[in-house]
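J.: Okay, handing you the structure first.
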Amino acid sequence: IRRTYGYAKQGAGYGYSKVKGLNALLGIVSTPLSAPVIAATRLRKGPSNSARGAAAFVAETIRTARACGASGLLVMRADSAFYGADVVNSCRALGARFSITVRMNASVKAAIARIAEDAWTPIKYPKAVWDEEGQCWISDAEIAETTYTAFTSKPKKQQITARLIVRRVKRLNADGVPAGQGTLFETWRYHAAFTDSPLSLNDAERDHRRHAVVEQVIADVKNSAFAHAPSGHFQANAAWLALAALAHNLTRAAGALAGTFHAKATTATIRDHLINVPARLARSARRLTLHLPERWPWSEDFTQLFSTVHAPPAL
């Protein structure tokens with residue numbers, strides 16, 4: 001949600017976050033070795049549900065990824081707002097796998113309850129995760145998987161049987177336990193993902209958690225070109241969002257050309273280091289000379305970027 005002010009903004013409304021604004025969807029393409037880029041954008045009214053038009057949006061993102069040369073295993077990762085039969089069928093129709101967080105409804109809870117106690121495998125996060133509900137840091141958990149048939153209320157051809165990967169963490173918030181009443185056994189919080197990923201259990205669960213990469217891109221875009229919606233017209237703001245995505249991708253490309261450090265840096269860092277250059281431009285004999293500051297820590301990266309961009313095309 002991008003917060004807006006005033007009464008002249010077309011399409012602005014209060015969404016799930018209770019913030020008046022416009023609802024922007026971003027579809028990104030990422031790999032473990034490179035920074036994510038934006039493949040699709042969509043601007044919608046503030047109160048719009050994320051599931052509205054999700055199948056078409058996912059299909060657009062997958063087609064763009066394929067057109068850009070993405071081959072091999074392509075996994076669509078998303079949160080529970082995209083958990084629907086139409087989204088999953090769109091992925092399968094385009095030859096992509098899916099890994100979607102599921103809502104904890106009665107059938108999912110029943111499937112988790114059927115998992116044997118000895119089937120759980122302990123894992124440890126490489127970095128501790130802050131748990132909002134428990135108000136504590138979590139550094140370990142347990143995972144297991146079972147077979148699950150989703151969307152049983154749909155016609156038979158839309159029902160899908162795949163893997164249900166479940167991660168559970170202990171409830172560690174001592175404030176939730178009444179004084180003088182300790183627990184007789186450990187209680188757990190469960191997080192499940194519905195996937196047809198061919199990876200092993202550990203790798204598939206770790207790969208699903210990478211869907212949070214899109215949150216970093218959203219924060220990056222809101223901190224740059226989409227800091228505000230400048231126009232009162234909805235279509236103009238939709239065009240502005242597309243230009244914001246284009247600027248994000250171009251900045252990412254500049255960072256990748258500059259070197260290893262800037263290849264994964266945020267666009268704000270790239271702008272501060274490589275674009276907003278504290279240099280002096282001099283003119284002499286019809287030639288422009290760019291004088292870079294002395295002892296500038298990013299001079300090597302800037303020179304590499306400049307040389308790469310201005311190099312003659314490869315034959």
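The values are calculated or read from the model by the stated rules, or taken from the named source; none is laboratory data. Not measured: the values here are computed from a predicted model. Please note: Cβ atoms are built from the backbone with ideal geometry, for glycine as well, and neighbour counts cover all protein chains shown. Just the protein is used for accessible areas: all its heavy atoms, side chains included, with ligands, DNA and RNA removed. Shrake-Rupley method; radii C 1.70, N 1.55, O 1.52, S 1.80 Å.
J.: For LEU257, are the conditions met, namely being over 30 Å from GLN10 (Cβ atoms) and loosely packed, with under 14 Cβ neighbours inside 10 Å?
T.: No: the conditions fail for LEU257.
J.: Do you know which of the residues in region 170-213 that are in a loop (DSSP other than H, G, I, E, B), surrounded by 12 or more Cβ atoms within 10 Å (Cβ to Cβ) and not polar (S, T, N, Q) is modelled with the lowest pLDDT?
T.: VAL177
J.: Test each condition in (1) free of Cβ contacts under 8 Å to residues at least 40 places away in the same chain; (2) surrounded by 10 or more Cβ atoms within 10 Å (Cβ to Cβ); (3) farther than 26 Å from VAL214 by Cβ for GLU300 and report the one that comes out false.
T.: The number of the failed condition is (1).
J.: I'm trying to understand the selection: among the residues of region 1-44, which are open to solvent by less than 30 Å² (accessible area, probe 1.4 Å), part of a loop (DSSP other than H, G, I, E, B) and among the polar types (S, T, N, Q)?
T.: Result: THR4, single match.
J.: Could you check region 281-304 and list, in sequence order, the residues that are more than 23 Å from LEU257 (Cβ to Cβ) and of a type in the set (Asp, Glu)?
T.: GLU294
J.: Can you confirm whether GLN216 is polar (S, T, N, Q) and more than 30 Å from PRO297 (Cβ to Cβ)?
T.: Here the answer is no, as GLN216 does not meet what is asked.
J.: From the list LYS109, LYS157, which residue is at pLDDT below 90 and either in a loop (DSSP other than H, G, I, E, B) or open to solvent by 70 Å² or more (accessible area, probe 1.4 Å) (or both)?
T.: Selected residue: LYS157, the only one of LYS109, LYS157 that is at pLDDT below 90 and either in a loop (DSSP other than H, G, I, E, B) or open to solvent by 70 Å² or more (accessible area, probe 1.4 Å) (or both).
Residue by residue, here is whether (1) closer than 30 Å to LYS18 by Cα; (2) buried (at least 20 other Cβ atoms within 10 Å of the Cβ); (3) of a type in the set (Lys, Arg); (4) touching a strand residue (DSSP E or B) at 6+ places or on another chain (Cβ under 6 Å) holds:
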{"site": "PRO47", "(1), (2), (3), (4)": "yes, no, no, yes"}
{"site": "ARG52", "(1), (2), (3), (4)": "yes, no, yes, no"}
{"site": "ILE62", "(1), (2), (3), (4)": "no, yes, no, no"}
{"site": "LEU73", "(1), (2), (3), (4)": "no, no, no, no"}
{"site": "VAL88", "(1), (2), (3), (4)": "yes, yes, no, yes"}
{"site": "ALA93", "(1), (2), (3), (4)": "no, no, no, no"}
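J.: Inside region 259-277, can you point out the residues that are more than 16 Å from ASN223 (Cα to Cα) and under 24 Å from the mean Cα position of the chain (by Cα)?
T.: GLY259, THR260, PHE261, HIS262, ALA263, LYS264
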